Each structure stands twice: as C-alpha cells, then as structure tokens.
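Asks: Here it is, the structure, as structure tokens.
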Amino acid sequence: MTDTQIIVLGNYATQAVGALLIALTLLALWRSYRRAHLLHLAVSFVCLVVYLCGAAFADVAREVDEGPYG
C-alpha cells in the first residue's frame, strides 16, 4: 500500500467519523424535539457513512486486485 493510498483511506475514515458524529448529534436532537427534518438529516448522514465505507472498501479491493505493482 502506497503512501497516497494510506492518505486516501485516512481521509475516508476521518470523513466517516465526522459524519457519524453529526448523525448521532442529529438523532439526539430528534429525540428531544421530534422534528421530522432532524431524523431525515440523521438518516442522510448515516447513508454518507455507508457510502464512505464502501468507497474505502472498493479502494482497498482494487489495490488487492491490481497487486503492489499495478
């Protein structure tokens, strides 16, 4: 795994953690205020986390498939 790929995976992980924290915050607000838009936003941020995890997995799978020398 090259340095660039490690940086890209770190970027995916950082974004996923940030989106997860925002989703948890929105869920806590939804539990307090019961506004539909808060739940909608929380679900959309969870979907963003799933997307980022899938992108990271695809990046790793592509690197494994191509091998170390591309």
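Asks: Quick one: would you say Tyr33 is loosely packed, with under 13 Cβ neighbours inside 10 Å, modelled with pLDDT of 95 or more and among the aromatic types (Phe, Trp, Tyr)? Quick ask: steps written out before the conclusion?
Replies: Numbers: loosely packed, with under 13 Cβ neighbours inside 10 Å: yes; modelled with pLDDT of 95 or more: yes; among the aromatic types (Phe, Trp, Tyr): yes.
Considered against the rule, which asks whether it is loosely packed, with under 13 Cβ neighbours inside 10 Å, modelled with pLDDT of 95 or more and among the aromatic types (Phe, Trp, Tyr), Tyr33 comes out as yes.
Asks: Could you check Val49 against (1) among the β-branched types (Val, Ile, Thr); (2) surrounded by 15 or more Cβ atoms within 10 Å (Cβ to Cβ); (3) over 16 Å from the mean Cα position of the chain (by Cα) and say which number it fails?
Replies: Single failed check for Val49: (3).
Asks: Continuing with the same structure: Please verify whether Ala19 is touching a residue at least 40 places away in the same chain (Cβ under 8 Å) and surrounded by 14 or more Cβ atoms within 10 Å (Cβ to Cβ), treating the condition exactly as stated.
Replies: Details: touching a residue at least 40 places away in the same chain (Cβ under 8 Å): no; surrounded by 14 or more Cβ atoms within 10 Å (Cβ to Cβ): yes.
No: the conditions fail for Ala19.
The values are calculated or read from the model by the stated rules, or taken from the named source; none is laboratory data. As the structure is a prediction and not an experimental result, all values here were calculated from the model. FYI the Cβ positions are ideal-geometry reconstructions off the backbone, even for glycines, and counts take in every protein chain you see.
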